[in-house]
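Read-outs: derived from the displayed coordinates by stated rules, not from any lab. Given the structure is predicted, the values throughout are model-derived calculations rather than measurements. Every residue, glycine among them, receives a Cβ derived from its backbone with ideal geometry; neighbour counts consider all protein chains shown.
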Amino acid sequence: MAVNWYFGIRESEYGWIKPENTVNVDEGRIVAGFGLDSLVIGSSDSKGKAFLKGSQSRTWTTFTEAVTANGRLLKPGIIFKGRDLQQQWFMDEFRKIANWHYITSDNG
């Protein structure tokens, strides 16, 4: 039912947008690093908060991929945590995907 509603709204309100300009983007994240002696403290109440105590050394990296409504695949992207791209992040294996987009952000 929700799918039919979405496509009904999409066609009536946004049908003028060409399929090549309609993009579905997916995002995934991986964590690099580890936490030692971590302790999670929380409540069984679903509205409660959980706290993580310990020494963590973790860095998040985000991967994005996108495809247009007419099936064209856009270049995937990798978002690293940091200010500038560093050469040591790009091993020989990355040469196979050298045409990807690489950027940085404060959070990765």
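Summary of computed values
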read-out	value
Net charge of neighbours whose Cβ lies under 13 Å from the Cβ of residue 80, counting Lys and Arg as +1 and Asp and Glu as -1	+1
Residue 81-residue 9 FRET efficiency (beta carbon distance; Förster radius 35 Å; 0.05 resolution)	0.40
